[in-house]
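The structure appears right after this line, and notes come after that.
The values are calculated or read from the model by the stated rules, or taken from the named source; none is laboratory data. Computed from a predicted model, the values in this text were never measured in an experiment. Every residue, glycine as well, gets a Cβ built from its backbone with ideal geometry; the counts of neighbours run over all protein chains shown. Remember, those area values only see protein heavy atoms, side chains included, never the ligands or the DNA or RNA. Shrake-Rupley method; radii C 1.70, N 1.55, O 1.52, S 1.80 Å.
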Amino acid sequence: TEAGLKALAVCWASARSDPVSQYRASHQDTDERIAVIVQEMVPASSAGVAFTANPVTGADEVVIEAVTGLGDALLSGDVTPQHWVVGERPILDLDADYVLTPAQALLIADECRRIAARRGEPQDIEWAFDGDDLLILQARPITALPVAPTERPPAGQTWVRDDSYFAEPITPLAYSAWLPYHSMAFAVVTEHFGLPFTTIAHGRYFGRVYDRVLPVGGPSKDHPLPPEPLMKLLVRAVPPFRKRMNIAAQAATEDRPMAVLTAWEKGGRDTLRARTRQLREVDRSALTDAQLADHLTEVRDQIRETAINHFLASLAGTFIIPGQLGMLMEELLGWDPARITDLLQGYGRASVTQGEDLSALAEAISADPQATSRLAEGTLHDDPGAAGAAVRAFLERHGHRLLNSNLDHPTWAENPSRLLRLIQARLGHTEAPTDPKQAAHAAEQEALAAISDDGDRVRFSTALERARLARPYGDETELDVGDILAVVRYLAVEAGRRVAGQGRIGSTEDVFYLTVDELEDVLRGSTPPPDMARRKAEHRWAMTNPSPRIIGKELPGALPVGIFPKKARAIAAAAMWSLQLFSPPAVTSSGDEIRGLAASPGMASGPVRNISSPDEFDRVLPGDIMVCHHTMAAWSPIFPILGGLVTEHGGPLSHPATLAREYGLPAVLAVADATKRFADGQVISIDGGTGTIEVGSLAVR
C-alpha cells in the first residue's frame, strides 16, 4: 500500500541520520543499507517486558512489567506498569492497577526462562497477550546486568567495612587514587611516632572499602588479643615492638607531635597548597596524551606528600596531643572522654572556615536584590558585579574540592548550581550568635577548682593549652586531601574524554573503572583492560546489594593503654586512648527508645533529612535534623542551618562531633541503621546530652 511504502522510505532514510552515521563511523562501518522487517501488528490486550534476571540487583528471578493494551505506553513512560517479581513464588506490586493474573505472570516467567536457557544468558524480552495467547515479540541479552564481585581476603583475616568515610561502593579509580597512599603514609607516620601498628591495610571487597589494622610484628592471620599481662611482656620482649617503643620514647623526648605542627605552620602548609594549586591550574587540554600521563605522575607524587602531611598532623593534633590531655584528666579527676572533649570545644575552628565563609557570602547576597534574583536563576556565578565576584572567590577557595569518596561527582567549581541552591536555602536564615568556647572555659574552671595540687594544675594547664592548639590540624589537612583528589578528577575527566573519543572506552565515565596505574598506561598507548564491562557490572551490584560489616571473626578493639612502657606512654598510649574514641561501635536500640552516643549537648526537634552526600545539600531546609552515615570536614557548610545531627558512625573525637560542637548543634552519633530507621520528613526529637531520640509524626515537607 501507499502508506506501507512511505513507512519503508522513513525506515531507509533513518540509516543516514546523524546518530546512526556517527555510530557507523565509530565502528568503521560504511554500509548504509538497512533491512526492514514487515510483520503483522499484534492486537495486544496486555503487553510489557520481562527480565530473566533482576536488572537492579542481578538476582535470579524474573521481573515483569505489564500494561493494558500496546507496550509502547510502557516504553514511553506514559503509564505506571504493574510490577511482578517471580522467584520462588510470584510477588505482585499491589499498588499497581490489575493487568495480569498470577497464572499469566507464571506463564510469562516460564517461557522467558526457557528462552534464556536456550540462549545461554539472561534475556530482556518483550511480550504481548492476544486474548489468551502469549506472543514473544523480541528477545535480546540484558545489557549492564549487575554481577556480584568475587574477590575475597585470605582466610583467617578480619576485615571491617569502612562506612565512616566510604559509605557508598567505591570505583577502581577512586580506590587506587587514595587508599594505597593512605596505607603508605600511615606506615611512614606510625613509624615516625613509634606507634604499635604498622599501618591500616585496605581491601576492596563486595565493591566496598574494608580495613584491617596491622600490628607491629603481627602474624598474617588475626587472633584475639592475649591477656593484658602477657601483652605487656610481649611489647617489651618482641624485637619489632621493642623497637617501636624505643622510637615512641624518643618521640616523646623530642616532642615530635608538636614539632610536626610547628613545621606545618612555618611553611609546610604554604608549600603543599601552592603545589596543589599549581597542579590544579595546569591547562590539561593543551597537553599531549603522553604529557597528560606525566602530569598524572606529578599529581600522584603530590597525593603522597598530602597523605603524609595529613596523617602527621592528624595523628599529632587529633590523637596524640589530645590523648595526652585525656589520660591526664582520667588520672587526676577520673573524667570520662565526653567531659574531656568539653575542654576542647571551640578550638577546632579550621574545620568550620568554609561554613563561615558561606554564611558571609549568603548574608552579602541577601542584601542585594539584583544578586538574589540572579541567584534564583542559577546564574549568579557569571554575574560581573560584586556578588558574582564574591561567589567566584568562594569557588576559588573552596570549590575545587572533592566532597565525597568517589571521583565521579563534579566539584562546586565544575557545577556551581549546587552551591547556588545551597546559598539560596540559607537566605533569610538568621544564625544565632554562639560562642562554642564558653563550654570549654566553664569545663576548664571546673577542672582547676577540682585540682588541689599546684604541680598538677600546671600539668593540666600545659596539656590543655597544647591540646587546644593542636585540635584543628587533622580536619584542616583533610581538606587538603579533598583538594588534591579533585585534581585527579579533573585529569580523569580530560583523559576519559580523549580515550572515549578515540573509541578505546565506551564513554568518558568509563575512565572511573580504570585504576590510576591503568589510566597512566592507557594515556601512554596501552590497551584498556578487557574486563571493563565486568567492573561496571560489579559496581552496579554493589550499589544495590548489602555486604557484611565484618569479613572474618569479630575481634576485640584497640590495644589497652596500660601495656605500654612508661617512657612510651606519652605517645603510644595517648594515641590508643584517642583512637578508641574516634569511631566506637554503633549503638543498637531495641523497643521504642532509640539511643546513640551523646556527642554535642542540646535538644532539637525537626523533620529528618536523610543525606548521603554533599550533592544533596540543597534538599536541606533550616531546622532540619540531618541523618547520615558520617560527615567529613568538607561538610561544614551545611551545619549552620541544621537543627540537629544524627549519624550512624563517629565518636567524641570524630569529625561530626567536632563540627557539631563548633556550631553548638545538638548531635547524637553512632546510631545503628539511622539512615534506614528514619524516613525523610519524619519529625524526631534528639537530646545531644543524653544520646536519646524520640520519634514523632511523619510530616514531609
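Summary table below
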item: Output for segment 563-615, where each listed residue is farther than 25 Å from ASP163 by Cβ, open to solvent by 30 Å² or more (accessible area, probe 1.4 Å) and outside any loop (DSSP other than H, G, I, E, B); result: LYS566, LYS567, ARG569, ALA570, MET603, SER605
item: Segment 530-557 residues that are at positive phi, paired with ones that are surrounded by 13 or more Cβ atoms within 10 Å (Cβ to Cβ) (beta carbon under 8 Å, 6 or more apart); result: GLY552/PRO153; GLY552/GLN157; GLY552/THR158; GLY552/TRP159; GLY552/ASP222
item: Qualifying position, being open to solvent by less than 40 Å² (accessible area, probe 1.4 Å), part of a loop (DSSP other than H, G, I, E, B), in contact (Cβ under 8 Å) with a residue 24 or more places away in the chain and farther than 30 Å from HIS310 by Cβ, among PRO153, PRO146; result: PRO146
item: PRO240 being open to solvent by 50 Å² or more (accessible area, probe 1.4 Å), assigned to a helix (DSSP H, G or I) and in contact with a strand residue (DSSP E or B) (Cβ under 9 Å, 6 or more places away or on another chain); result: yes
item: Residue count for segment 320-364, restricted to those that are assigned to a helix (DSSP H, G or I) and open to solvent by less than 20 Å² (accessible area, probe 1.4 Å); result: 17
item: Selection from segment 195-230 of residues that are part of a strand (DSSP E or B), polar (S, T, N, Q) and either open to solvent by 40 Å² or more (accessible area, probe 1.4 Å) or under 17 Å from GLY562 (Cβ atoms) (or both); result: THR198
item: Residue match in segment 148-160 (condition: under 18 Å from the mean Cα position of the chain (by Cα) and not hydroxyl-bearing (Ser, Thr, Tyr)); result: yes
item: Residue identified as outside any helix (DSSP H, G or I) and more than 30 Å from PRO224 (Cα to Cα) among PRO528, PRO548; result: PRO528
item: Matching entry among ALA293, ALA307 (being among the small types (Gly, Ala, Ser), closer than 29 Å to THR253 by Cα and modelled with pLDDT of 95 or more); result: ALA307
item: Cβ pairs under 6 Å, 6+ apart, first in segment 212-229 and closer than 21 Å to ARG161 by Cβ and basic (Lys, Arg), second in a strand (DSSP E or B) and open to solvent by less than 80 Å² (accessible area, probe 1.4 Å); result: ARG212/TRP159; ARG212/ALA201
item: Answer from ILE505, ILE423 - the residue that is open to solvent by less than 30 Å² (accessible area, probe 1.4 Å), at pLDDT below 95 and assigned to a loop (DSSP other than H, G, I, E, B); result: ILE505
item: Per-region count, segment 617-633, residues more than 21 Å from GLY691 (Cα to Cα), open to solvent by 10 Å² or more (accessible area, probe 1.4 Å) and either part of a helix (DSSP H, G or I) or out of contact with any strand residue (DSSP E or B) (no Cβ under 8 Å at 6 or more places or on another chain) (or both); result: 3
item: Total residues in segment 30-67, condition more than 30 Å from PRO102 (Cβ to Cβ) and either surrounded by 11 or more Cβ atoms within 10 Å (Cβ to Cβ) or in contact (Cβ under 8 Å) with a residue 12 or more places away in the chain (or both); result: 5
item: Some residue of segment 662-678 being open to solvent by less than 40 Å² (accessible area, probe 1.4 Å), in contact with a Ser or Thr (Cβ under 9 Å, 6 or more places away or on another chain) and at pLDDT below 85; result: yes
